[in-house]
Amino acid sequence: PGSRMYRTGDLVCWGTDGQLAYLGRADEQVKIRGYRIELGEVQAALAALDDVDQAVVIAREDRPGDKRLVGYITGTADPGEARTALAGRLPVYMVPAAVVGLDALPLTPNGKLDTRALPAAEYTGSGYRAPSNATEETLAATFARVLGVERVGVDESFFDLGGDSISAMRLIAAINAGLGADLAVRTLFDAPTVGGLGRRLRTDATDAEEVVPVQTLKQGADGVPLFCVHPAGGVSWPYQVLGNHLDCPIVGIQETGQCADAESVCDLVKFHADRIQEAYPGGPYNLLGWSYGGVVAHELAIELQRRRCVIGRLILLDAQPRIDDSVALPEHIAAEEQTLAEASSPPGMERFLDALVRNVRRNIARYRVHRPGVFDGDMTIFSAVRDQSDRSSYLVQNWRPYVSGDIVIREVDCAHDEMLTTEAVGVFGEELNHVLTLVERRL
C-alpha cells in the first residue's frame, strides 16, 4: 500500500492451478521489434493526411515471426504517398511497413470493423527491396539471423529493426567471418543497411580504429548537434536509440586508448573538449550523458565554458554526481561490466570487449575520486523512478551544489539500467526532443 504501481496493459487471468494465463492486451498497444507502439496514435496520424477518409492500423503477422504494422485507408489518397508522408511525421519504428488502399473498410454484421477481412499487404516496393547480388544476399541473411527476423531488405536499418550495441558486435563479427572482411563495428553506425555495408565492402573500405573519439550516430538532420558522452564502458553506441525521437544530429563522444593515462574525470574531459572543438568548432553545444556519462558530461560542460564556449543545454539521464570508497560498486555499472564480459562470444571481438571492461574499471576509479565543479547554467535530469519513489528529490538534492541555475526534473517509469532501452526512450524521447527544440529557439 502506498507504493508506486505500474500499469502494464497486459490482460491475464488466474487459472485453477494458481498460474497466470496471458490473454493479450487491455489496450491497443503492440510490441514490434522491441518497440511498444500505440496503434491509435499511428491511426490518428494516418487519418489526418489529406484525401484520407478513413484509416485503420493493425499489426499483422503474415509470415511466422515477422510482425509488421499495416495501414488501410479509404479515399483518394495514394497509399505510397501516404506512407511517405507518415515517415515525415512519425518515428521510423511507427511507420507502417505498408499502406493499402480500399474502397471501403470491411465490417461485421454488427457494423464493427472486421479485421480478419482486411487483405494482406504487398510489402515489395513499400519498404522492402530484395538483395540484388550475392554479397547483399549474404549480408541480408546475416542481418536476419542476428535480429531473429525472417528477412531484411536492402534499405532497412539494422537499428530500426531492433539492433543494439551488443547485437551490432555480433553482426559485424559474423559478417567478417562469413565474407572474410575486416569491418569495424563503428562502420555499422555510418552504414546501417545491407546496401550501405555492401557498398563499403565493394570499395574495400575498412575502418582501422574500432573506436574513434567523435562518432556520428545520426546525420542528415538539421539543428544544433546533441553530444552524447560515453558511459563507463567508453563507447557511445547505446545512444543510437535516441535517433528515432530527436530531430537534431547526434554525435557520440567516446573513450579511446589515448585516454588511458587520464587519472581523473577532469583530465578525461580536457581530451574530449579538444576533440569536440576540432570536429565542431565554435559551438554551441548541447550535452547529454547517462549514468557515469552524465558525470563526465557535467564536467565537460564546465571545461567548455572555461574555453568560452556556449552550452545550450546540459541533460543527464539518471546520473548521480559522486560516489566514494564507502559506497559499493553501483549495481548498474557492475551489470555493465558483466554484460560486456558475457558478450565476448563473437569471434574476433575478444580484445575489443576486454578493452571495454578495462574502461569500466578505470572509470570507476576516476568516479570514486571525482569532485565535481560548478556548472554555470540550467540542467535537465531524466530520473529513473521505478522502485525508487524518492529518486528525483534525491538527485536534485545531490546535484544542487554543482549547478548555479535551475535543475529541471523529468520522471521516467523505468529502472536505471533501462534508460536507453527502446521502451524507456519511447516514454521520454518526445519530451527530450521538446527540450532541445526550445533551446535551439533561444540560441
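Could we say that Arg83 is in contact with a Lys or Arg (Cβ under 9 Å, 6 or more places away or on another chain) and either over 25 Å from Ala424 (Cβ atoms) or modelled with pLDDT under 70 (or both) here? Answer is no for this residue.
Restricting Arg361, Arg366 to those that are assigned to a helix (DSSP H, G or I), of a type in the set (Lys, Arg) and modelled with pLDDT of 90 or more reduces the list to Arg366.
Scanning region 152-173 for residues that are out of contact with any Pro (no Cβ under 9 Å at 6 or more places or on another chain) and of a type in the set (Ser, Thr, Tyr) gives a single hit, Ser167. In the set (1) surrounded by fewer than 22 Cβ atoms within 10 Å (Cβ to Cβ); (2) closer than 19 Å to Gly293 by Cβ; (3) in contact (Cβ under 8 Å) with a residue 40 or more places away in the chain, Trp399 fails one condition alone, (1).
Can you tell me which of Val403, Val439, Val435, Val385 is touching a strand residue (DSSP E or B) at 6+ places or on another chain (Cβ under 9 Å) and farther than 22 Å from Leu242 by Cβ?
Numbers: Val439 fails: farther than 22 Å from Leu242 by Cβ; Val435 fails: farther than 22 Å from Leu242 by Cβ; Val385 fails: farther than 22 Å from Leu242 by Cβ.
Step by step, each of Val403, Val439, Val435, Val385 is checked, and only Val403 is touching a strand residue (DSSP E or B) at 6+ places or on another chain (Cβ under 9 Å) and farther than 22 Å from Leu242 by Cβ.
Answer yes or no: is there a residue in region 132-149 that is closer than 24 Å to Glu38 by Cα, assigned to a loop (DSSP other than H, G, I, E, B), within 26 Å of the chain's Cα centre (by Cα) and at pLDDT below 90. Yes, region 132-149 contains at least one residue that is closer than 24 Å to Glu38 by Cα, assigned to a loop (DSSP other than H, G, I, E, B), within 26 Å of the chain's Cα centre (by Cα) and at pLDDT below 90. Taken over region 274-325, the criterion of being more than 18 Å from Gln397 (Cα to Cα) and among the basic types (Lys, Arg) is satisfied by Arg275, Arg306, Arg307, Arg308, Arg313. When Glu423, Glu411 are screened for being within 22 Å of the chain's Cα centre (by Cα), in a helix (DSSP H, G or I) and not assigned by the TED database to the domain that holds Tyr93, only Glu423 passes. Taking the stated definitions as given, is Leu90 assigned by the TED database to the domain that holds Gln43, aliphatic (A, V, I, L, M), closer than 30 Å to His230 by Cα and free of Cβ contacts under 8 Å to residues at least 60 places away in the same chain? So Leu90 fits the description; yes.
State yes or no: is Pro64 surrounded by fewer than 18 Cβ atoms within 10 Å (Cβ to Cβ), of a type outside the set (S, T, N, Q) and modelled with pLDDT under 95? Walk me through it before giving the result.
Numbers: surrounded by fewer than 18 Cβ atoms within 10 Å (Cβ to Cβ): yes; of a type outside the set (S, T, N, Q): yes; modelled with pLDDT under 95: yes.
Spelling it out, Pro64 is indeed surrounded by fewer than 18 Cβ atoms within 10 Å (Cβ to Cβ), of a type outside the set (S, T, N, Q) and modelled with pLDDT under 95.
Please find, within region 270-303, the residue that is nearest to Pro401 (Cα to Cα) out of those that are aliphatic (A, V, I, L, M) and buried (at least 24 other Cβ atoms within 10 Å of the Cβ). Restricting to residues being aliphatic (A, V, I, L, M) and buried (at least 24 other Cβ atoms within 10 Å of the Cβ), the top hit is Val295.
Every residue, every condition in (1) without any contact (Cβ under 8 Å) to a residue 60 or more places away in the chain; (2) hydrophobic (A, V, I, L, M, F, W, C); (3) closer than 28 Å to Lys218 by Cα, yes or no:
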site: Thr74; (1), (2), (3): yes, no, no
site: Val100; (1), (2), (3): yes, yes, no
site: Leu107; (1), (2), (3): yes, yes, no
site: Pro119; (1), (2), (3): yes, no, no
site: Ser132; (1), (2), (3): yes, no, yes
site: Glu156; (1), (2), (3): yes, no, yes
site: Asp164; (1), (2), (3): no, no, yes
site: Ser167; (1), (2), (3): yes, no, yes
site: Val185; (1), (2), (3): no, yes, yes
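The values are calculated or read from the model by the stated rules, or taken from the named source; none is laboratory data. Since we're looking at a predicted model, the values are computed, not measured. For neighbour counting, all protein chains shown are included, and Cβ atoms are generated from backbone atoms with ideal geometry for every residue, glycine included.
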